Amino acid sequence: MFDFSKSGADFPLLTKFVAEACCIHLGEDKRYLFESRLGPVISESGATSIPEFIRMARGDATGKLRDRIIDVMTTHETYWFRDSHPWAALEAQLLPALAAKIASGEKSRIRILCAACSTGQEPYSIALLLQKLCSGGALGSVRPSDFEILAFDVSRGTLFLAASGRYSQIEIARGLPEFWRNNYFDATPGNTWTLREQVRRMVTFKRRNLQDSFAGMGLFDLVLCRNVAIYFENDFKRDLFNRLADIIYPSGYLMLGGAESLLTHGHLFEIDRLGSAIFYRRRNNA
Ligand SMILES: C[S@@+](CC[C@H](N)C(=O)[O-])C[C@H]1O[C@@H](n2cnc3c(N)ncnc32)[C@H](O)[C@@H]1O
């Protein structure tokens, strides 16, 4: 494994590269993360120093080494119906309210964006709720195909897993009540569970960086951006939520992680409490 002990002075080259690649600023105190996660990648690359490794990553026209660095340096922690309250509100209030706009003819399609979706549990949790609501008749004549769910992440590795819809026994147990597993997954080889095609096809996964412009994506009725902004610096966070506001319909919703809040954007979003959950609603006049 690559020996970091002689590379102290070159260490900032790694932190700078990662910050540029995905806006994640990890300081000296997170040195152990670089060592444990990037050590094997540096060794595999054959580089004998950090400057040589960075030169290889910058010079790699295929982008594969850069992608590998992003894959290992991003944290992909996620699980089904993460933080239960907002999901209860989605099922009981928000999704039926959005569906009512289709039923009334006000809209022909509801668009949902899941930014930084990791291995897919988050967008698929929405798809599962819609499947259940529609099959139980709670949304009248509205069908799952009336909803478009777009999900993206900067990490190609996580997107590959997300698109497969295949989860280990441990992943399937995290946050997913048996009802969902029994009704929407098939047991597959290797002690895995695979989400049925009817649910998988409801979500489109794309690779995208939150640093990139959102121009051309159109407007969304609901945007989830959860448990990722915690890794960003304040200036980028401000810019990110300003840009997200630009792609949310007036009165549309933003859903953050359970421990996150949006204190600096009161001019763009107002708080909407649905049951025990907090959503941010795009102001009409901003
Ligand atoms: C901790 S996970 C959160 C996943 C999910 N949203 C949730 O709350 O369970 C953070 C995800 O953000 C992604 N990410 C980090 N920086 C990103 C960036 N600049 N653009 C897009 N995705 C990013 C990571 O790859 C990772 O999958």
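No value in this document is a laboratory result; all are computed from the given coordinates. Values in this document were obtained by computation on a predicted structure and should not be read as measured data. Glycine also receives a Cβ, built like all others from the backbone with ideal geometry; neighbour counts cover every protein chain displayed.
Overview of results
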item	result
Packing-based ranking, highest mean first, of 175-187, 150-162, 12-24 given that Cβ atoms within 10 Å are counted	150-162, 12-24, 175-187
Kirkwood hydrodynamic radius of segment 4-73, from inverse mean 1/r over distinct Cα pairs, in Å	12.0 Å
Built amide H within the under 5 Å cut-off of T188, gap 5+	W193, T194
Signed unit charges on C-beta, dipole axis of segment 111-236, positive-most listed residue L128, P189, T158	P189
Range of Cα positions in the chain per principal axis (Å), largest first	65, 51, 34
Descending principal axes extents, segment 218-286, alpha-carbon based, whole Å	28, 28, 20
Dipole of segment 84-282, positive direction: furthest Cα of P86, G275, T119, with charges on the beta-carbon	T119
Quarter of Cα convex hull surface for segment 102-151, i.e. mean projection, nm²	3.4 nm²
Packing rank of 136-147, 54-65, where each peptide gets the mean count of other beta carbons within 10 Å, highest leading	136-147, 54-65
Karplus (6.51, -1.76, 1.60) ³J(HN,Hα), θ = phi - 60°, over segment 30-43, in Hz, Gly and Pro reported as x	9, 3, 4, 5, 4, 5, 6, 8, 8, x, x, 5, 5, 4
Charged-residue dipole, Cβ positions (Lys, Arg, Asp, Glu), segment 84-282 about Cα centre, Debye nearest 20	360 debye
Rg over Rh, two decimals, segment 7-165 (C-alpha only, Kirkwood Rh)	1.15
Relative contact order (percent, whole number), the chain, Cα cutoff 8 Å, 6+ residue spacing	18 percent
